[in-house]
Amino acid sequence: MAVRHKMNDHQFELLLRAGDPLPNEATLPAETGAAQAATRAALRRVGVRATSGLVAAFDAFAVPWGLLHVAVTDDGVVSVEFEAETPDFVDRLARRLHGRVVPVEDGAVPASWRDQLAAASAQIGEYLAGRRTAFELPVDLRGLSAWDRRVLAGAASLDFGEVTTYGDLARRIGKPGAARAVGGALGRNPVPIVIPCHRVLAADGALGGYGGSGPGGRTAMLAVKRRLLRIEGAWSAA
């Protein structure tokens, strides 16, 4: 099962646990010299703090607005972050997963994780280039509350180019009046783009929020949301 088209809560729970086999023919974008240096610094920091074994691998690659970090585990894509500094991204993820997070080039990374990262990087790149309208990737939402999972299941049901409001999404998932709580859950989405929380707008059609405060600040994150909606032909406001 993959993140595409509409699904109910039961189907989404299955998605969290299994996921279809991933294509392995995609190639990873080359990491920049600056990203490589940041990766080494991140590993030095996390290597001291991590107390458990290897839990995730990541890659960082250039996108139109800066750097995008993607991480995977045995169960699927576990993190997508915009504009984060690599050391900070690795540190946050290692703390969240209670283990060691390493770059894809690390010799300890299983081949299956490399394949997952290759697929995720390729599919996200295709989406940003306007060549993909749905993702076929398993996701790992470990650690999220039942409420957050319910809200993200609703967001995952939104098709390419389809937008809704926080209030309408609350009604769709059976919690009318919970627009603010829906917005909070979407702000905690660990895998934006793959689960398209950018398709949820304010009641007046304004952008609302995106990615919580985001590492680049509210203005930068709203600019990313606007860009994603424009890719889908769903935003034409000045």
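No lab work stands behind these numbers, since they all come straight from the coordinates. Everything quoted here is computed from the prediction, not taken from an experiment. In this analysis, Cβ positions are derived from the backbone assuming ideal geometry, glycine residues included, and neighbour counts consider all displayed protein chains.
Couple of notes before you dig in:
Each row is one residue, and each column tells you yes or no for (1) touching a strand residue (DSSP E or B) at 6+ places or on another chain (Cβ under 7 Å); (2) crowded, with 18+ Cβ neighbours inside 10 Å; (3) not in a helix (DSSP H, G or I).
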{"residue": "D148", "(1), (2), (3)": "no, yes, no"}
{"residue": "V182", "(1), (2), (3)": "no, yes, no"}
{"residue": "G209", "(1), (2), (3)": "no, yes, yes"}
{"residue": "S236", "(1), (2), (3)": "no, no, yes"}
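- Output for region 95-115, where each listed residue is assigned to a helix (DSSP H, G or I) and within 12 Å of F58 (Cα to Cα): W113, R114, D115
- Subset of region 77-94 (residues that are in a helix (DSSP H, G or I) and of a type outside the set (K, R)): T86, P87, D88, F89, V90, D91, L93, A94
- Of all residue pairs spaced 6 or more apart or on separate chains, those with beta-carbon atoms under 8 Å, a first member in region 156-178 that is touching a residue at least 40 places away in the same chain (Cβ under 8 Å) and closer than 13 Å to A202 by Cβ and a second member that is basic (K, R) and surrounded by fewer than 17 Cβ atoms within 10 Å (Cβ to Cβ) are Y166/R180.
- Positions within region 150-160 being crowded, with 16+ Cβ neighbours inside 10 Å and of a type outside the set (S, T, Y), in sequence order: R150, V151, L152, A153, G154, A155, A156, L158, F160
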